[in-house]
Amino acid sequence: MADSTEGDTDILYLGLLVPALITFIAGMGIHSFIIGVNVTDWWKGRPVTPVDHIVTSLGISRMGTQCLAIIYLIMDTAFQIHLDTHVTVFVGSIYDFFIYANFWLTSLLSIVFCLKISNFHSRLFLYLRGMIAHRTSNLIAISVLLSIFNCLMLLMMSITEVMKNGTYNTTMQNLSMDCTIYMNYFYNYTLGIFIPLFFYCISSVLLFTSLYHHTTKMKMSSNVTINLGTYYSVMKFVSFTLIYNTIYVIGHFLGVYYYYFYCVLHLWIFIVLNFVTGLHSSYLIYRTAKLRSQMSKVLQNVTDYLLQMKNTETRKSLEVVAV
């Protein structure tokens, strides 16, 4: 029975590890591409927009999230290191930092889109539009600092609770204490993601409302030659990002909730979230003209290389037959 149970456990771990590695490799490739294109433009002195800065920073945070997720998954499935509180606190804190950075940068991207595209003309709106256009780097730095602050606050709470309950020398008998001591951690974690989510929702609703009213007015006008494709494209992007962010927030909330209230860690949730993140980055490439153009070139070069390899192999085969 023990051997059967261990075999089932190994199959379960393998079933988690394989899709996690596939998602990790695909996600790293997608995020690396986004970062590489924008960094190359900056290195060569080409114009880089505020949106490019945010998207590059977002790509870095998503790469960090995926790296930490796969590291924790390998430790948990292959080495059973989830019993070591030191490692759990350290890896979890770095993971929290990238999660917070992801939330803040996604919100910042939504705010910049709102200010850049919306057709509001109030003084406050015009002031914010001009300010953010010239201070994007500062806002990115502020987002990172806020993420570090939230991460350090949670880290200090975790260390305090672990030391207070004496769980550094965790055994199988007191394993149930590892998650139940972090109730305050859960509430602070939820509060930390609520603030950037609040700004994201406001900016997304304002942007979508502005685009909707603008397209409605243009439809009703006598000028039928106006192309509304661009506006619909932006509205689709806003809707897709809203769906992604909703899934991302709910997924992390459920993962943290089940862990800190029921001591159950659903690793498959984080695999799904990494997949959704890669899907959103892929859609971002598709909707960004520069990234889409560079991706087309990469795919064309890969296709040409494969065709060249195939022709070379065919030629060699024919030469062997002729001999």
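Values in this text are rule-based calculations from the coordinates and carry no lab data. Source: prediction; values computed, not measured. Here the Cβ positions follow ideal geometry from the backbone for every residue, glycine too, while neighbour counts run over all protein chains shown.
Computed quantities for the displayed model
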| item | result |
| --- | --- |
| Estimated vicinal HN-Hα couplings, Hz - the range 210-216 in sequence order (Karplus 6.51, -1.76, 1.60; Gly, Pro = x) | 4, 5, 5, 5, 5, 5, 5 |
| Distance violations [Cα-Cα > 26 Å] among 116/236; 116/290; 290/310; 116/217; 219/297 | 290/310; 219/297 |
| Cα gyration tensor category, rounded, prolate or oblate, for the range 248-319 with a/c compared to 1.5 | oblate |
| FRET efficiency, 1/(1 + (r/R0)^6) with R0 22 Å, evaluated for residue 149 and residue 258 via beta carbons | 0.25 |
